[in-house]
Amino acid sequence: MFLSMSLRLRVEVEALNMVEAMGAYSRHRTVSLLKPRGDGKGYRLVIAPAVSGQAIAYGYMKTLVALALQKNLPVCDQCRGYEVKGGFVKHGTDTSGDEETIVRNCIVEDVTGFMIAQAGVRRTSAIQFSYMVPDIDFSEAAIEPQFHVRAAKPGEKPQPFQVEAGTAIYVLGIALDIDKIGVVADKDGKPKPVVANRLDRVKTAIQAIAGLIEGLMFGAKKARYLPIQEVVGAVAAVSHPVPFMVTPARVSRDGNYITKTISRAENFAKLFSDVGEWIKLFYMDREGVVQEVKPSTVEATKVDSVSELVAKVLEVVEQKFQG
Ligand SMILES: [Zn+2]
């Protein structure tokens with residue numbers, strides 16, 4: 001099973017300055033984006049503050065440690081001690097080790113991967129986070145970078161200029177390869193489960209996503225996180241056996257991410273019908289971007305909050321686990 005999500009987060013732009021204070025693991029980045037000019041004459045270069053996928057992943061790992069300890073799931077000493085060690089070392093300085101043992105002993109490294117360079121042992125992360133970038137297509141009012149740079153005409157220098165604005169909509173993408181959790185590849189490259197109760201780990205990994213987002217919104221350590229005011233929209237898909245990615249949660253003149261995801265999912269399921277592809281969709285829409293959802297062969301359920309979204313995803317995953 002594969003889970004993909006995209007969220008729309010309302011962020012206080014002034015607070016974005018505080019992202020700088022998120023620490024060594026959470027550096028403030030900028031991204032260059034192309035925004036179509038309203039007059040149809042090409043694009044404009046917009047440089048906007050962003051939060052790296054690495055920074056989001058760090059917040060996720062912290063959430064995962066806290067949740068796993070509460071549930072008595074294995075977390076290795078190095079991951080438990082991330083605060084003292086100044087981050088997640090993940091056996092990176094070890095000289096030996098094997099994937100199976102580390103996966104058994106630590107849910108954090110199971111889900112988020114690790115690399116022991118000296119021993120040539122690595123595990124790619126089952127979870128992936130995109131950069132969190134502003135939705136610049138949305139509307140003029142929602143372009144909230146702290147500064148812009150106009151693309152230069154020939155013979156002119158690029159011209160930076162300030163934009164005053166209150167809030168911005170940011171888009172964040174998350175993907176989780178559920179089949180990878182608690183599983184390693186055997187000698188022949190076939191998947192081999194190595195933990196007793198995979199479902200426990202899978203549930204925890206998914207719950208930690210809700211913990212991360214809610215934590216970003218209401219966390220006590222706001223100065224170290226990106227202060228998010230509200231999740232205004234989201235779409236999630238659980239798919240099997242072929243991984244389906246939701247459409248990034250952007251809104252533009254040519255349509256919205258919810259409608260696009262539904263119609264893409266329908267075509268995707270049709271394309272892979274010979275392998276029995278199924279997709280379940282969930283969406284949340286506080287902005288009213290969807291007027292009506294047309295009947296589709298793919299089930300799309302509306303929810304009201306991130307917690308409900310994650311709860312619904314968990315339900316589907318649990319059902320599938322129980323066969
Ligand atoms: Zn660990």
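Amide H to amide H, with H built 1.01 Å from N, Ala50 comes under 5 Å of Arg29, Thr30, Val31, counting only residues 5 or more places away or on other chains.
Note on Ala196 and Leu34: their simple-model spin labels are 5.5 nm apart, each label 7 Å out from Cα toward Cβ.
Across segment 177-183, computed HN-Hα scalar couplings (Karplus, 6.51 cos²θ - 1.76 cosθ + 1.60, θ = phi - 60°) run 8, 4, 5, 8, 5, x, 10 Hz from first to last residue, x flagging Gly and Pro.
Remark: segment 191-203, residue by residue, has Karplus-estimated 3J(HN,Hα) of x, 10, x, 10, 10, 5, 10, 4, 4, 4, 5, 4, 4 Hz, where x stands for each Gly or Pro and the curve is 6.51 cos²θ - 1.76 cosθ + 1.60 at θ = phi - 60°. From least to most packed, judged by other beta carbons within 10 angstrom and beginning with the fewest, Arg286, Arg10, Arg37, Arg201 follow the order Arg37, Arg286, Arg10, Arg201. Once backbone amide H atoms are built at 1.01 Å from N, Thr247 has Thr261 as its partners under 5 Å, excluding neighbours fewer than 5 places away on the same chain. Across segment 52-65, computed HN-Hα scalar couplings (Karplus, 6.51 cos²θ - 1.76 cosθ + 1.60, θ = phi - 60°) run 5, x, 4, 5, 5, 4, 4, x, 5, 5, 4, 4, 5, 4 Hz from first to last residue, x flagging Gly and Pro.
Below 8 Å, C-alpha to C-alpha, sequence gap of six or more: please give me the relative contact order for segment 226-278 in percent. Mind dumping the intermediate values first?
Values: 38 pairs, mean separation 18.0, N = 53.
That works out to 34 percent.
The peptide list 294-307, 231-244, 252-265, 57-70, put in order of mean Cβ contacts within 10 Å with the highest first, becomes 231-244, 57-70, 252-265, 294-307.
Extending 7 Å from Cα along the Cβ direction at Gln118 and again at Glu292 yields two label points whose distance is 6.6 nm.
Throughout, read-outs are computed from the coordinates displayed, never taken from laboratory work. Everything numeric here is computed off the predicted structure, so don't read it as measured data. Cβ: placed from backbone, ideal geometry, glycine included. Neighbour counts: every protein chain shown.
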